[in-house]
Structure formats: structure tokens, C-alpha cells
1. I need the peptides 175-184, 261-270 ranked by packing, meaning the mean over residues of other C-beta atoms within 10 angstrom, with the highest value on top.
2. Hey, what did the stretch 393-441 get for relative contact order, percent, Cα under 8 Å, at least 6 apart?
3. In the stretch 290-370, what GluC sites (Glu not before Pro) fall in a loop by DSSP, with at most 15 other Cβ atoms inside 10 Å?
4. Pop the C-beta distance of residue 328 and residue 304 into the FRET formula with R0 = 30 Å and round what comes out to the nearest 0.05.
5. If you find the alpha carbon centre of the stretch 143-205 and of the stretch 367-432, how far apart are they in angstrom?
6. Pairs of Cα atoms under 8 Å, at least six residues apart: use those to get the relative contact order of the stretch 255-386, whole percent.
7. Suppose each label sits 7 Å from its Cα in the direction of the beta carbon; what would the residue 363-residue 225 distance come out to in nanometres?
8. Just the Kirkwood number for the stretch 181-283, please: inverse of mean 1/r across all distinct Cα pairs, in Å, one decimal.
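The values are calculated or read from the model by the stated rules, or taken from the named source; none is laboratory data. The structure displayed is predicted, hence computed values, not measured ones. Positions of Cβ are backbone-derived with ideal geometry, glycine not excepted, and every protein chain shown enters the neighbour counts. Surface areas here come from the heavy atoms of the whole protein model, side chains and all, with no ligands, DNA or RNA. Shrake-Rupley method; radii C 1.70, N 1.55, O 1.52, S 1.80 Å.
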Amino acid sequence: MRAGGRDGEGARRPPRPDPLLRLEAELGRIDEQLQALGAARARIEGLLGAVVAITREVELQAVLNRIVTTAMELVGARFGALGVLDDSGERLAQFIPVGLSEEERAALAGVGFPRGLGVLGYLIRHPEPLRVDDISAHESSVGFPPGHPRLSSLLGVAISVRGETYGDLYLSERDDGRAFDVHDENILVALASAAGIAIDNARLLEQVRAASEQFQRLLLPTLPDLGPFAAAAIYRPAAAPNALGGDWYDAIPLPDGSVALVIGDVVGHDLPAAAAMASTRNMLRSLLFELGRPPSAVLAQLDRTLQAITDNPVTTTGLAHIERAGDAWRMVWSTAGHVPPLLITPGGRPHYLFAEPGLPLNVDSEQSRPDHTHPLPPGTTVVLFTDGLVEHPGHPIDEGLEALAGLAAAHASLPLQEFVRALADGHPSDGHDDMAVLALRIPG
């Protein structure tokens with residue numbers, strides 16, 4: 001009976017889940033959710049950091065390069081590129097590849113950049129996000145040029161600026177070997193939106209910079225005929241976004257047959273500095289014709305005039321007269337806190353004319369200003385320049401002066417216009433300040 005009773009109970013019921021097992025499974029699901037949330041948070045934080053990094057750049061080319069490298073870092077891609085469309089919006093006018101090795105770049109040296117054919121062209125014609133696991137199988141694929149690394153996957157998004165497609169951002173080959181997924185696509189779409197704003201800002205800054213530089217150059221003179229001397233000058237704006245500055249040069253043939261050379265630097269890098277530079281330059285021109293010489297008297301009167309009728313900032317300047325001394329030439333000069341002139345005598349030997357520099361303008365107009373005199377042998381080159389050519393925060397100005405002297409000696413045999421360009425191109429400064437160079441060569 002008992003045995004039959006037990007048999008009558010039927011098959012045994014499945015064991016009820018252990019509460020500990022249920023809890024363990026639930027904790028596993030929670031851990032997975034937390035990991036997913038952590039990954040999402042990391043992606044968002046990475047995206048925010050990327051946006052900040054891109055918007056810190058102010059030069060357009062730097063912005064474009066930063067967009068590509070940042071996209072590669074965010075998604076974890078081996079290759080990246082940005083294609084900028086031409087005016088027609090149908091082909092690429094510029095292509096910025098990142099990730100190629102030196103060998104790969106060398107293999108592609110004779111191959112022009114893509115013009116927007118194949119899968120790249122598909123994205124141009126259809127500016128929606130594009131994910132391709134096998135490029136060769138895509139309907140628009142036309143293969144790769146000789147020497148190009150074989151790529152399998154592609155993720156591309158369009159970048160728009162002010163409602164117009166500016167170009168396309170491409171990524172290829174994830175570092176982990178997997179195909180690009182929807183998370184990668186979302187990240188790249190969000191980055192492309194920020195990239196469009198950064199590109200627009202950089203283009204606006206370039207327009208402002210170009211207009212500022214044009215305005216600055218309109219304030220500077222075109223050198224007149226200074227025969228029998230050869231003369232050349234050059235101006236370069238600062239590397240900072242604001243291209244306006246207070247540096248200027250001038251060269252004026254005077255009624256007595258001498259030539260006045262002027263170099264100056266108004267403190268500041270803005271519109272007021274440029275305006276102060278223009279007014280100071282014009283006052284000095286008038287005083288040169290009224291007083292003539294010596295340079296110290298002209299600078300002293302300029303200082304008194306500036307303090308009496310302007311609120312211009314502190315200004316350094318150098319004024320030199322190139323005049324006859326019998327059958328030869330000499331330079332008579334006076335400075336107001338400016339860097340010394342540089343002479344390069346025949347044979348390329350450079351040396352600075354260190355002398356009492358005097359106080360800058362708008363400091364104390366009652367202080368006396370001395371004159372200095374130095375002979376100029378035939379073939380000597382006189383170089384006046386502003387401190388933007390030699391100043392660098394990483395080393396003393398003496399090192400910059402020494403480097404400039406060596407640079408001038410190396411290029412002393414060039415025609416003067418090429419000579420001043422060589423000094424501006426190879427300057428030892430960090431480019432934070434605008435710079436002006438004026439050179440005059442004594443006939444041989």
C-alpha cells in the first residue's frame with residue numbers, strides 16, 4: 001500500500017530553483033547592464049573630449065587633421081580620411097589620409113588622391129551614413145589603385161557646414177578586426193556635427209585673419225626708388241588668430257639726398273595697435289621733412305608730440321639716416337628702446353650695432369636721446385627688424401639675435417627681396433608676434 005501510494009504520486013516534480021541561483025542570475029544581468037552603461041558613458045565622455053579637442057584648433061588645416069585623428073581614436077580604427085568637396089559638390093578637391101605607414105605612403109607617391117569615385121563617390125551622391133563590411137562587394141566598388149593597402153570595411157558620414165555638404169569622413173578597419181556597428185556609426189555622426197561647427201569657425205577665423213592682414217598691409221608703405229641703394233622689406237603677421245599688430249617699416253628719400261630708414265613696434269596685437277602704428281608713422285614722416293636731422297632730435301620731437309596729443313601705447317622704434325661721408329657712406333641712427341641694427345659687411349660677416357638704446361616712446365619725453373654713427377663700406381647690407389623676428393619664450397633674446405645673424409650671413413649673397421624673405425621664413429622666434437624686416441644695401 002505504501003509502495004503503491006508512492007507510485008501513485010507520479011513522476012517527481014522538477015526541483016524549484018534555488019533562491020541563490022536566481023539571485024546570481026539577476027546579479028549577472030545587472031552587471032551586464034552596468035557594463036553597457038559604463039561603455040556608453042565612456043563613449044559619451046570620449047565624444048565630449050573629442051569635440052573640445054577639435055574646437056581648440058583655430059587653423060582650418062589643423063581642424064581637418066584633428067577631425068580625422070579624433071574619429072579614429074573614438075571608434076578604434078586603423079585608417080581614417082577626410083575628403084573635402086570641390087565647388088561643384090561632386091568630386092573631392094582635397095583628401096586627408098591618416099594611418100598610412102611610411103612604406104604605404106611611398107607606394108602611393110605617384111598616385112593622385114581620390115577624386116570621389118567608387119564607394120567614396122557613392123557616399124558623395126548619397127550623403128547618409130554608410131557602413132560596409134566588404135568594400136569589394138559593394139555595388140559601387142571600383143577596386144584600389146596599385147600600392148594601396150587592401151581595405152575590407154568602411155564607415156563613412158557626411159560633414160555639413162551651414163546646410164551644405166562640406167565633405168565626407170571615412171574610417172576603415174577596426175583595430176579589433178570586427179565590423180563597424182551601430183554604436184560606431186552614432187559616434188561618428190555626432191562627431192561630424194561638431195566637426196561642421198569647428199570647420200565653420202575656422203573658416204570664419206581665416207576670413208577675419210585675411211581681412212586683418214590685408215588691412216595691416218594697406219597701412220604699410222610701398223618702398224620708393226631709393227637709388228643708388230637697393231632696398232627691400234617684408235611684413236609677416238603673428239601666428240595667433242588676430243593678424244593685426246603694431247610693427248611697421250618705412251624708407252624715405254629726404255631733400256638733402258640722404259635716406260631715412262624707420263623700423264617700429266607699437267605694443268599690442270589688435271586694431272588699436274594698428275591704428276596707433278599708422279598715426280605714429282605719419283607723424284614721423286612729417287617730422288622727418290620738417291626737422292630733417294639728426295635722428296635723435298626727430299625722435300625726441302615725435303615723443304613729445306605723441307605724449308601731448310595722443311594716448312598711443314608704448315612704442316619702440318629705430319631711425320637711421322644713410323648719408324654721404326666724403327666719397328663713402330655712413331649711418332647715423334638713434335633708437336627708442338628698439339633692438340639694434342644688423343650690418344653684414346662684404347664677405348658675409350654680420351655684427352650688431354649695440355649702443356645706448358634710449359627709452360621707448362611714450363615713457364619719458366624729457367630724457368635725452370643720443371645719436372650714433374658708423375661707416376658703411378661698399379656692399380654693406382643694413383638690416384632693421386622688429387623683435388618678433390627673434391623673440392622666443394624658450395630661450396634668451398641673445399640666442400635669437402645670434403641665430404638671426406647666422407641666418408643673415410648664410411643668405412647675404414641673395415638679392416635683397418629674397419634675402420628678407422629668407423629671414424622671415426627662417427626666423428628663430430616662435431611666431432607669436434608679428435614681424436617686420438627692412439634691408440638696404442650700399443652700392444659696391
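1. On the way: 175-184: 12.8, 261-270: 22.7.
Order by mean packing, descending: 261-270, 175-184.
2. Details: 23 pairs, mean separation 18.6, N = 49.
Relative contact order for the stretch 393-441 comes out at 38 percent.
3. Details: sites: 290, 323, 366; in loops: 366.
Hits after loop and neighbour filter: 366.
4. Working: r = 34 Å, r/R0 = 1.13.
The formula returns an efficiency of 0.30 here.
5. When both Cα centres are located, 46 Å separates them.
6. Details: 243 pairs, mean separation 36.8, N = 132.
Value for the stretch 255-386: 28 percent.
7. Here the modelled spin labels are 4.1 nm apart.
8. Values: mean 1/r = 0.0597 Å⁻¹.
For the stretch 181-283, inverting the mean 1/r across all distinct Cα pairs yields 16.7 Å.
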